[in-house]
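Following: one structure in structure tokens, then a few remarks.
The values are calculated or read from the model by the stated rules, or taken from the named source; none is laboratory data. Since the model is a prediction, treat every value here as computed from it, not as a measurement. When we count neighbours, we look across all protein chains shown, and the Cβ atoms used for this are built from the backbone with ideal geometry, even at glycine. The accessibility values were calculated without ligands, DNA or RNA, using every heavy atom of the protein model including side chains. Shrake-Rupley method; radii C 1.70, N 1.55, O 1.52, S 1.80 Å.
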Amino acid sequence: MNILYLIRSRFRGPLSRLTDEVAPLLAMIRPSQDSKFGDYQANCAMPLKKVLNKQPREIAELLISEVDLSDLCESAEVAGPGFINLRLRNEWIARSIQSVRGDDRFGCVPVTESRHVVVDFSSPNVAKPMHVGHLRSSVIGDAIARILRFAGHRVTTDNHIGDWGTQFGMIIYGYRHFVDPSAYAKDPVAELARLYRLVNQLTDFHNAKLVLPQLYEQRTEKQTQLDQAESSGDPEDKKYRKLLKGVRRQIADLADAIKSHENTIAAVDESPELQEQANAHPDIARLSRQETSKLHAGDSENQALWDEFLPACLKALNRVYDRLEIKFDLTLGESAYNARLASVVSSLKEKKLAVDSDGATCVFVEGNTAPFIVQKTDGAYTYATTDLATIEHRVRELDAEEILYVVDKRQEEHFQLLFATASLWEYPDQSYRHVSFGTVMGADNKPYKTRSGDVVGLESLLDEAVQRARRIVDENDDRRAEPLLSESERARVAKIVGLGGIKYADLHHNRDSDYIFDWDKMLATSGDTATYMQYAYARICGIFRKLKVDRESLSNSSDVVLLTVPEERALALQLLRFGEAVDDVLSDYRPHLMTAWLLETSGCLSRFYSTCSVQDAETPELRQSRLILCDLVARGIRTGLSLLGIKTADVM
Ligand code: ARG
């Protein structure tokens, strides 16, 4: 059920008799911001003023007389310049809520036009430990996949892991020259991660040595430019002030870049061991790239190393997914497409889309200055090539109708070029979507890191969440005259609360925005948190326990729902709007619209509690009606959370 769509469908006929452009007008029928304007508001009379050459109020009156809403709404009202305020009939709400009793789907029927959607998410680069950035893709992607399925679409989730890129050459190089065999035997993934960081560090060191002199020179030039400008020029002149500001900013940016390179050099200089390694491997960047291209060209030794490394890396990833309770239908990494890469490049060349550019093979997409490199000078294929081959596979073999890429917004340019190239190449009618998201920041407003400077690993983050949640669960249960939870139940609930807290904290932000990672906010027991929703759920379970009412029997009983006070009405209506939340999420793949529904629902619930007693309701019928409402709220919270990959517990 989607009340909004139902109302819009009633307006469609009458509107189409007035104009051809109905869709944008229907979109102007929205839920009201304020309940004093009714439950829904239709603002479509205003834009018709020019078309019909009539006053909007007059048009609004005309629409009201034409649209048949009598079963659904009380008489519609025209307000202000021509808004139409609609208030649903109490009988309609009561009847509808009656019909969804015991229904976890709140009357949402599967879509009639189901699409096959491939959701590419999580997709970390292996051999680097997963960090909080990968969490976003994993959690957002999982929620979107669940909600698409709930709505009735066919979904294939695919973890497109990075197991074929430059980082593998770096690991192979690191393994050949720096491996600590006993550390590798003990924990291969940790050792590979160390090797990766080491090769990265040495590569950055040599690069810093190379570019620093140029940066110093640029800074001197800019400083001279500034000195000259400062001694001439008119401080009253706006253009001049703008120029000074610009140069100063450039100097500040240069200073930042210089500082960062100096730090890179200092870190190596401070350690005799690193210094020695840096001196012994001056050409490390090129040689690691060469290892990648050898791997791509089928070199048997590199392939053997890859075969050895990969299972351990996958095992480490799967440990995280098990803990996150996230599953994939497919885990087809970049390497799965190796056999297709040569033909992708030759096909692009044949179609004259890819051309030689300084020895590399590139596609130039109109309107973009950056080339889309599909084969490097040394013969290695790229992220672009594997992504094109992946599209070919998804369209041809999987019959995907839509492909979603849940990936950091910093990759926007890559996806723009990818979709444009794929459309020019073979697949113009395919629907592609980069579902992008922002960065997780620390309290210092920089990407979230631990004190030691590492990006926080995901496993330790999950551990900490569960530990913190455990304290909440312990405190809660210890406060009871008779604790309800055994040791193992406390541990189970702590997992549910900790994991839920982390997921919800991520999902309740609009995905585009960066957000600050904050433990206290995340596990706060009130506000927009999973913990609060989980509490609300457990509290309802507590009511049923206390009153010894079997929840299942409620859905079968012949009692009816009574809406005697505005708080009951508001709660019932909010529950009926569950379907709107599902559709809202899917209209632009924004899971925070589901958390918004949960927050609103919990708000309605607490207003309901403050005016309506369940246990001491005035009549047995009213008590029964309120129990039915409570049961439905519990179902709503449970279903809403489960669509976000979050569980509930009956006792917390
Ligand atoms: N492995 C990439 C990264 O960690 C993300 C891959 C996203 N999916 C894709 N088909 N490009 O940045």
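Express in % the proportion of alpha carbon pairs of segment 350-464 at distances exceeding 17 Å.
Values: 4236 of 6555 pairs.
Percentage above 17 Å: 65.
How far is helix 383-396 tilted off the main Cα axis of the chain, in degrees rounded to 10, range 0 to 90?
Tilt of helix 383-396: around 40 degrees.
Semi-axes, largest first, in whole Å: what does sqrt of 5 times each Cα gyration tensor eigenvalue give for segment 424-545?
34, 20, 13
Using 24 Å as the Cα-Cα cut-off, could you pick out the over-long pairs in K327/K495; K259/K294; K327/K503; K128/K503; K128/K349? Don't jump to the answer; show the numbers that get you there.
Values: K327/K495 18 Å; K259/K294 35 Å; K327/K503 15 Å; K128/K503 22 Å; K128/K349 34 Å.
K259/K294; K128/K349, as the Cα separations exceed 24 Å there.
Roughly how many nanometres apart are two label points built 7 Å out from the Cα toward the Cβ at V111 and S606?
My value for the distance between the label points is 3.5 nm.
Set Lys and Arg Cβ to +1 and Asp and Glu Cβ to -1, take the dipole of segment 158-276 about its Cα centre, and tell me which of V199, L215, G246 lies farthest positive.
It is G246.
Looking at the P(r) of segment 465-614, how many percent of alpha-carbon pairs lie beyond 25 Å?
40
Remind me, what semi-axes does segment 567-652 give for its equivalent ellipsoid, largest first in whole Å, using sqrt of 5 times each Cα gyration tensor eigenvalue? Intermediate values should be presented prior to the final figure.
Values: eigenvalues 136, 39, 19 Å².
After diagonalising the Cα gyration tensor, the semi-axes are 26, 14, 10 Å.
At a Förster distance of 30 Å, what's the computed FRET efficiency of S460 paired with E308, Cβ-Cβ distance as r, to 0.05?
0.70
Provide the per residue accessible area, probe 1.4 Å, for the chain, rounded to a whole number of square angstrom.
Result: 47 Å² per residue.
When you take every Cα atom in segment 266-417, what is the radius of gyration, and what is Dmax, the widest Cα pair distance, in Å?
For segment 266-417, the Cα-based Rg and Dmax read 18.9, 56 Å.
How big is the Rg/Rh ratio for segment 255-323, C-alpha atoms only, Rh by Kirkwood, two decimals?
My calculation of the ratio gives 1.15.
When the chain is fully extended, how far beyond the present Cα-Cα distance does L215 get from N279, taking 0.36 nm per residue of separation?
Length gained between L215 and N279: 20.8 nm.
Give me the extension gain from E74 to T439: residue separation times 0.36 nm, minus the current Cα-Cα distance, reported in nm with one decimal.
Separation in residues times 0.36 nm, less the Cα-Cα distance, equals 126.7 nm.
Taking the Cα centre of segment 492-641 as origin, sum charge times position over the Cβ atoms of Lys and Arg (+1) and Asp and Glu (-1), and report the length of that vector in debye to the nearest 20.
So the magnitude is around 620 debye.
Evaluate E = 1/(1 + (r/R0)^6) for D234 and A255, where r is the Cβ-Cβ distance and R0 equals 45 Å; express this FRET efficiency to the nearest 0.05.
0.95
Taking every pair of distinct Cα atoms and averaging 1/r, then inverting, what Kirkwood hydrodynamic radius in Å comes out for segment 597-646?
11.6
Among the lysines, select those whose C-alpha is under 30 Å from the C-alpha of K49, and discard any that sit fewer than 8 residues away in the same chain.
K36
Using a probe of 1.4 angstrom, how much of the accessible area of the chain is carbon and sulfur, in percent? Present the calculation step by step, with values, prior to reporting the outcome.
Details: 15290 of 30890 Å².
Here carbon and sulfur together make up 49 percent of the probe-accessible area.
May I ask for the Kirkwood hydrodynamic radius of segment 59-105, worked out over all distinct Cα pairs and given in angstroms to one decimal?
12.2
Once you sort the root eigenvalues of the Cα gyration tensor of segment 203-266 as a ≥ b ≥ c, which label holds: rounded (a/c under 1.5), prolate (a/b larger than b/c) or oblate (the other case)?
Prolate, because a/c is 1.5 or more and a/b exceeds b/c.
So how much slack lies between Q223 and D103, counting 0.36 nm per residue of separation and subtracting their Cα-Cα distance, in nm? Spell out each step's value before the answer.
Details: separation 120, 0.36 × 120 = 43.20 nm, distance 7.01 nm.
Fully extending the segment from Q223 to D103 adds 36.2 nm.
Loop-only GluC sites (Glu not before Pro) in segment 195-244, please: DSSP not H, G, I, E or B, and at most 13 other Cβ atoms within 10 Å.
Values: sites: E217, E221, E230, E236; in loops: E236.
Passing sites in segment 195-244 are E236.
Could you give me the ³J(HN,Hα) list for segment 542-553, computed from phi with Karplus coefficients 6.51, -1.76, 1.60 and θ = phi - 60°, whole Hz, x at Gly and Pro?
After applying 6.51 cos²θ - 1.76 cosθ + 1.60, I find x, 4, 5, 5, 5, 8, 6, 10, 7, 4, 4, 5 Hz.
Bin by bin, in steps of 10 Å, what percent of the Cα pairs in segment 1-141 do you find, going until the bin that has the longest distance?
10, 30, 23, 17, 13, 6, 1
As I understand it, the value is the acute angle between the Cα axis of helix 300-324 and the longest principal axis of the Cα atoms of the chain; what does it come to in degrees, rounded to 10?
Orientation of helix 300-324: about 30 degrees from the principal axis.
Can you give me the three principal axis dimensions of the chain from its C-alpha atoms, in Å, biggest first?
So the extents along the principal axes, rounded to whole Å, are 86, 72, 61.
Could you list, in their original order, any pairs among K315/K647; K245/K446; K186/K376 whose Cα atoms are separated by more than 30 Å?
Pairs exceeding the cut-off: K186/K376.
Between helix 487-507 and the chain, what is the angle of the helix's C-alpha long axis to the longest principal axis, kept within 0 to 90° and rounded to the nearest 10?
80
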